[in-house]
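The values are calculated or read from the model by the stated rules, or taken from the named source; none is laboratory data. Nothing here was measured: the structure is a model prediction, and the numbers come from that model. Here the Cβ positions follow ideal geometry from the backbone for every residue, glycine too, while neighbour counts run over all protein chains shown.
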């Protein structure tokens with residue numbers, strides 16, 4: 001599956017951007033990744049609530065080989081096969097996945113509750129103007 005086929009598949013959902021990602025693709029809407037493609041299979045972002053819908057459809061989560069040979073499970077679930085032929089239903093599932101991706105996005109870390117001491121700033125001191133240098137005349141007499 002190439003990026004053009006992915007864009008066509010999600011046409012009922014709306015504009016998507018497809019970017020290369022670890023040998024597959026990430027599928028983005030409004031700068032937010034809500035789906036991925038690995039080995040030609042699409043996986044949508046899910047949470048505990050929507051994972052049951054994927055389970056009822058007989059699909060499973062995206063997994064990959066982690067260090068040490070263990071399998072790591074991500075919060076992306078395989079798109080049910082029937083949705084490849086139902087663009088309107090695919091769009092509904094994609095909207096849900098995008099909403100989950102937005103909720104899962106962690107806000108930037110802030111020092112909540114911690115106040116930093118005020119930074120001491122150097123006072124601006126006005127310095128007296130330097131006296132102007134006068135150019136020496138080249139043709140004048142020398143003291144000596």
Do we have any residue at all in region 43-51 that's modelled with pLDDT under 95 and more than 19 Å from residue 75 (Cβ to Cβ)?
no
State which residue pairs qualify: first residue under 14 Å from residue 9 (Cβ atoms) and inside region 88-103, second residue part of a helix (DSSP H, G or I) in any location, beta carbons under 6 Å apart, and separation of 6 or more residues or different chains.
89/83; 90/83
Condition test on residue 26, is it surrounded by fewer than 20 Cβ atoms within 10 Å (Cβ to Cβ), free of Cβ contacts under 8 Å to residues at least 12 places away in the same chain, under 19 Å from residue 3 (Cβ atoms) and out of contact with any helix residue (DSSP H, G or I) (no Cβ under 8 Å at 6 or more places or on another chain)?
yes
Every residue from region 80-99 that is more than 13 Å from residue 54 (Cβ to Cβ) and surrounded by fewer than 18 Cβ atoms within 10 Å (Cβ to Cβ):
84, 85, 86, 87, 88, 89, 91, 92, 95, 99
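Per-residue answers, yes or no, for (1) part of a helix (DSSP H, G or I); (2) touching a helix residue (DSSP H, G or I) at 6+ places or on another chain (Cβ under 6 Å); (3) over 18 Å from residue 104 (Cβ atoms):
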{"site": "13", "(1), (2), (3)": "no, yes, yes"}
{"site": "42", "(1), (2), (3)": "no, no, yes"}
{"site": "59", "(1), (2), (3)": "no, no, yes"}
{"site": "83", "(1), (2), (3)": "yes, yes, yes"}
Output for Cβ contacts, cut-off 9 Å, separation at least six or different chains, first residue on the phi < 0 side of the Ramachandran plot and touching a residue at least 24 places away in the same chain (Cβ under 8 Å) in region 47-67, second loosely packed, with under 14 Cβ neighbours inside 10 Å and in a helix (DSSP H, G or I), reads 47/103; 47/104; 57/81; 57/82
